[in-house]
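Visitor: A single structure is presented below for examination.
Derivation of every value follows stated rules applied to the coordinates shown; laboratory data play no part. Predicted model, so just to flag it, every value in this text is computed and none were measured. Every residue, glycine among them, receives a Cβ derived from its backbone with ideal geometry; neighbour counts consider all protein chains shown.
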Amino acid sequence: MTAEMITADASGTFELGDLPVHRLGLGAMRLTGSAAFHLGTASDRARSLAVLRRAVELGVNHIDTAAFYFSATRSANELINTALAPYADDLVIATKVGPFRDYYGEWGTAARPDQLRGHVEENLRQLGRDHLDLVYLRRMRQDSIAEHFGALAELREAGLVRHLGVSAVEPRHLAEALEIAPVVSVQNRYALDHPDPVDDEMLRLCGAHGIAFVPFYAVAGEAGPRTAADTHDDTVREIARAHGVSPAQLRTAWTLHQGPHVLAIPGTGNPDHLVENVAAGALRLTADELTRLDALHARAS
């Protein structure tokens, strides 16, 4: 079967609270340009809209975005609204609050708890929604997230938010949040060549609690927000060649193999890369291949 014929349902499903999603989703950050946020070359608007519409055609029903995903000329939320509204009933749009950027794209201090309602309402306005499916509190180096997460829990009770998640957290922060309200998802940095004992523990804890674990920069690895990784270990290249896939596809497949609760949200503004990303959800690795890749993950630490 060619990549063009593979849809996101090949990756399996997981429920974010009461919202079932395919485990292969789409990260919206790169829709705004060639690099993170206001850096790099501006995106082609028509191409970005086409990526979103094609993603839905390929069965993607989980899109990750944020109001602070914007460049000098593009807003991820506005692109999503334009391309996909009125939204399909099964489409889950996750967003996040906590970080703050001003009109010119400069980063400010982390939002105060009393500012989070305004951030949620801005996402609602940009997306054209009357409620948000899933909102992550992105921790901004706070020692405690209780006050911020509590403010989001109040918005959940008010009906503005359906489900809550946390991002960039340690086990103690997840425990803190769970004392306040249900957590359906954790979004932390996690990649084959970017191991971290804290994130390995978060992966395990989420599985134990039945919480989704959603890695970001899983394909970029050490490259982080700058670009997708362009250097790959020989093991990665060898196994990718054996399956007739790209190293990026192999990285995504390895991510999904870390547990049935793990979701992937590779981002792209390239229609061809989108097809490849979705096809990675159908890639099944052997026990020996997983052992070799897991060993690579361990060695990188």
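Visitor: For the chain, modelled as a Gaussian network with Cα springs under 10 Å, which listed residue fluctuates most, A151, A248, A279?
Guide: Looking only at A151, A248, A279, the biggest GNM fluctuation is shown by A151.
Visitor: Could you tell me the distance between the Cα centroids of the range 246-301 and the range 143-212, to the nearest Å?
Guide: 23 Å
Visitor: Which value at 222 nm does the chain reach when only helices count, each DSSP H run of 4 or more adding -39,500 (n - 2.57), with the total divided by all residues and rounded to the nearest 500 deg cm²/dmol?
Guide: -11000 deg cm²/dmol
Visitor: Let me ask something else. If the viscosity is 1.306 mPa s and the temperature 10 °C, what Stokes-Einstein diffusion coefficient in µm²/s follows for the chain when Rh is the Kirkwood radius over Cα pairs?
Guide: The diffusion coefficient I find is 83 µm²/s.
Visitor: Just to confirm the filter: which chymotrypsin sites (Phe, Trp or Tyr not before Pro) across the range 71-168 are DSSP coil and have at most 12 other Cβ within 10 angstrom of their Cβ?
Guide: Y103, Y104
Visitor: A further question on this structure: Roughly how many debye, to the nearest 20, is the charge dipole of the range 66-168 about its Cα centre, given +1 on each Lys and Arg Cβ, -1 on each Asp and Glu Cβ, and no other charges?
Guide: Magnitude of the dipole: close to 260 debye.
Visitor: Continuing with the same structure: Percent antiparallel among DSSP beta bridges with both residues in the chain, to the nearest 5?
Guide: 25 percent
Visitor: I've got another one for you. Quick one: what are the phi-derived ³J(HN,Hα) couplings along the range 162-174, Karplus 6.51/-1.76/1.60 with θ = phi - 60°, whole Hz, x for glycine and proline?
Guide: 8, 9, 10, x, 10, 9, 6, 10, 10, x, 5, 6, 5
Visitor: Taking only Cα atoms and a 10 Å spring cutoff, compute GNM fluctuations for the chain and point out the largest among D64, D90, D193.
Guide: Taking springs between Cα atoms under 10 Å, the residue moving most is D90.
Visitor: If a paramagnetic tag sat 7 Å from the Cα of A88 along the Cα-Cβ line, which residues of the range 237-259 would have the backbone N under 13 Å from that point?
Guide: Answer for the range 237-259: none.
Visitor: Using only alpha carbon pairs under 8 Å that are at least six residues apart, calculate the relative contact order of the chain and give it in whole percent.
Guide: The normalised contact order for the chain reaches 21 percent.
Visitor: Please compute the net charge surrounding D114, taking Lys and Arg as +1 and Asp and Glu as -1 over other residues with Cβ under 12 Å from its Cβ.
Guide: Around D114, the charge tally is 0.
Visitor: What is the log10 of I(q)/I(0) for the range 90-146, computed with the Debye formula using one identical point scatterer on each Cα and no solvent, at q = 0.20, 0.21, 0.24 Å⁻¹?
Guide: -0.80, -0.87, -1.06
Visitor: Still on this model: Picking from D199, D130, D89, which is most flexible by a Gaussian network model of the chain using Cα springs under 10 Å?
Guide: D89
Visitor: Another question, if that's okay. Across the range 179-187, in residue order, what do the Karplus-derived ³J(HN,Hα) couplings come to in whole Hz, using 6.51 cos²θ - 1.76 cosθ + 1.60 with θ = phi - 60° and x for Gly and Pro?
Guide: Calculated HN-Hα couplings, in order: 6, 9, 7, x, 10, 9, 7, 10, 10 Hz.
Visitor: Taking R0 as 30 Å, what's the FRET efficiency between E15 and R204 from their Cβ-Cβ distance, rounded to 0.05?
Guide: Computed FRET efficiency for E15 and R204: 0.95.
Visitor: Counting Lys and Arg as +1 and Asp and Glu as -1, each charge on the Cβ, what is the dipole of the chain about the Cα centre in debye, to the nearest 20?
Guide: The calculated dipole for the chain is roughly 520 debye.
Visitor: Using the Karplus equation 6.51 cos²θ - 1.76 cosθ + 1.60 (θ = phi - 60°), what ³J(HN,Hα) coupling, rounded to whole Hz, does each residue of the range 213-218 give in order, writing x for Gly and Pro?
Guide: Running phi through 6.51 cos²θ - 1.76 cosθ + 1.60 with θ = phi - 60° gives 10, 10, x, 10, 6, 5 Hz.
Visitor: Restricting to Cα atoms and excluding each atom paired with itself, what does the Kirkwood estimate give for the range 1-160 in Å?
Guide: After inverting the pairwise mean of 1/r, the radius is 16.6 Å.
Visitor: How large is the Kirkwood hydrodynamic radius of the range 103-204, in angstrom, based on all distinct alpha carbon pairs?
Guide: 14.5 Å
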